[in-house]
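Novice: Input: one structure, supplied below.
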Amino acid sequence: MSEDGQHGRAVLDRRTLLRSGAAAALAAPLGVIGAQAFPFRTATPAIDFSEFPICRTASDAPPLTGAPRKLKISWNAGAVCLAPVPVAIDYGFFQKQNLDIELVNYSGSTDQLLEAIATGKSDAGLGMALRWLKPLEQGFDVKIAAGTHGGCMRVLTRTNSGVDKLSDLKGKIVAVGDLAGPDKNFFSIQLAKLGIDPNKDVDWRPYPGNLLNLAVEKGEVQAFLAADPLAYLWLKDSQYREVASNLDGEYRDKSCCILGIRGSLIREEPNVARAVTRALLDAAMFTSQNPEKAAKSFQPYAPKTATLADLEAMARYHTHHHHPVGDVLKRELKGYADDLKTVSVFKPSTDTAKFAEKIYVDLFSV
């Protein structure tokens, strides 16, 4: 994709903002490995609200009073789409809300992540909607407060593979990092919408995530699913190309990642839950307007082969301007639940409207 095309996805016009519901955010999976403390780089920078007029109310709300409120946020430190998290540390967005944040890098299962949030081992976490929705059906005391961005997932292949479009995966062998992963769910949904049975017509094969490209190089598979930063870095090799992504079609205006907050925190301290959500939304908005600064904030967590220019390009590609809350978020959650019915992850009898109502919370309605 050209730089102009990437930038076009990162600029939010008024109609898109109205659809998106009024905020800016960020997120991805949770973790219990290695808490980290970070110094604030500067005072909170100004944000150009002329692009995001509806966001001004949320950002300008008064911060918490008293001593800084200590909170733990779980995230996947290797996920470049979560660049707004270190941005919120480096540029004082948590400090502005009078929050003292401890980041916890989590690599466990989604069930463990949600249990950790629900039981207070962490106060909030970031993850992928298509990974979280099924476990949330089990009733974890976690509410979804915001979408954070789109653009995490891609289908890649070798240029000479004969796979030119998503429908070409029919009858092919496709490598995946996780047979229950959100990328497999997403692209299975897209195949089903094309009339292709993803369970019968595609042979999915599990491989370690950092070896997916080797599977296609050896001819063991014809395509593979990957996420940034690895997917972007592989695409720098002219022998690879992108077949599809989760920014295609209607999904270019939908978030793939979400912010979940402990239910008891929302009930007992809703102002604290709003503050952490607001800080992450502001950091996401700052990321969309300052991708070069976001790249520098994320660089300590990036693969050594990723340059600052690479990270900036990824920040531009991911739709950090799209971070729905309220009714728009609820509609997106319902839409994903409807999608999951098409690949038998949810039962046909599931009332997806009631499910979306149950798992989301509108922190900015009051």
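The values are calculated or read from the model by the stated rules, or taken from the named source; none is laboratory data. Quick caveat, the model's predicted, so the values are computed rather than measured. Here the Cβ is made from the backbone with ideal geometry for all residues, glycine too, and neighbour counts use every protein chain on show. Heavy atoms of the whole protein, side chains included, go into the accessibility calculation; ligands, DNA and RNA do not. Shrake-Rupley method; radii C 1.70, N 1.55, O 1.52, S 1.80 Å.
Novice: Give the calculated FRET efficiency between Asp237 and Gln138 to the nearest 0.05, with a Förster radius of 51 Å applied to their Cβ-Cβ distance.
Specialist: Values: r = 41 Å, r/R0 = 0.81.
After rounding to 0.05, the efficiency reads 0.80.
Novice: Let me have the relative contact order for the range 228-362, percent, based on Cα pairs under 8 Å that are six or more residues apart.
Specialist: On the way: 85 pairs, mean separation 31.6, N = 135.
Relative contact order here is 23 percent.
Novice: Would the range 194-273 count as rounded, prolate or oblate if I go by the C-alpha gyration tensor, calling it rounded below 1.5 in a/c and otherwise prolate when a/b exceeds b/c, oblate otherwise?
Specialist: Cα axes put the range 194-273 in the prolate bin.
Novice: According to a simple spin-label model (label point 7 Å from Cα along Cα-to-Cβ), what is the distance in nm between Lys304 and Ser365?
Specialist: 5.1 nm
Novice: What FRET efficiency comes out for the pair Thr65/Asp327, r = Cβ-Cβ distance, R0 = 22 Å, nearest 0.05?
Specialist: Details: r = 30 Å, r/R0 = 1.37.
Rounded to the nearest 0.05, the efficiency is 0.15.
Novice: Further question: Beyond 29 Å between alpha-carbons counts as too far, so tell me which of Lys293/Lys330; Lys172/Lys354; Lys193/Lys293; Lys70/Lys143 fall in that bin.
Specialist: Numbers: Lys293/Lys330 31 Å; Lys172/Lys354 37 Å; Lys193/Lys293 39 Å; Lys70/Lys143 20 Å.
From the list (Lys293/Lys330; Lys172/Lys354; Lys193/Lys293; Lys70/Lys143), the Cα-Cα distance tops 29 Å for Lys293/Lys330; Lys172/Lys354; Lys193/Lys293.
Novice: Pull out a ≥ b ≥ c, the square roots of the eigenvalues of the alpha-carbon gyration tensor of the range 49-188, then state rounded if a/c is under 1.5, prolate if not and a/b is larger than b/c, and oblate in the remaining case. Walk me through the intermediate numbers first.
Specialist: Values: a/c = 2.54, a/b = 1.73, b/c = 1.47.
Judged from the Cα gyration tensor, the range 49-188 comes out prolate (a/c at least 1.5, a/b above b/c).
Novice: A further question on this structure: Over the range 99-194, with every protein chain in place, what whole percent of the accessible area is carbon and sulfur at 1.4 Å, could you tell me? Intermediate values should be presented prior to the final figure.
Specialist: On the way: 1430 of 3180 Å².
Answer for the range 99-194 is 45 percent, counting heavy atoms of protein chains only.
Novice: How about Lys296: which lysines have a C-alpha closer than 22 Å to its C-alpha, ignoring those fewer than 8 places off in the same chain?
Specialist: Of all the lysines, those that pass the test against Lys296 - Cα under 22 Å, at least 8 places apart if same chain - are Lys96, Lys236, Lys304.
Novice: What are the trypsin sites (Lys or Arg not before Pro) within the range 215-274 that DSSP puts in a loop, where the Cβ has at most 13 other Cβ atoms within 10 Å?
Specialist: On the way: sites: Lys218, Lys236, Arg241, Arg252, Lys254, Arg262, Arg267, Arg274; in loops: Lys218, Lys236, Lys254.
Counting only loop positions with at most 13 other Cβ atoms within 10 Å, the trypsin sites (Lys or Arg not before Pro) in the range 215-274 are Lys218, Lys236.
Novice: Another question, then. Excluding residues fewer than 8 places away in the same chain, name every one of the aspartates and glutamates whose C-alpha is closer than 18 Å to that of Lys121.
Specialist: Qualifying aspartates and glutamates at Cα under 18 Å: Asp100, Glu102, Asp111, Asp141, Glu268, Glu269.
Novice: Please work out the average accessible area per residue across the range 240-311, using the 1.4 Å probe convention, and give it in Å². Provide the component values of the computation, followed by the final result.
Specialist: On the way: 2440 Å² over 72 residues.
Ligands and nucleic acids excluded, the result is 34 Å² per residue.
Novice: Shape of the range 126-203 from its Cα gyration tensor (a ≥ b ≥ c, root eigenvalues): rounded if a/c is under 1.5, otherwise prolate when a/b > b/c, or oblate?
Specialist: On the way: a/c = 2.67, a/b = 1.97, b/c = 1.35.
Cα axes put the range 126-203 in the prolate bin.
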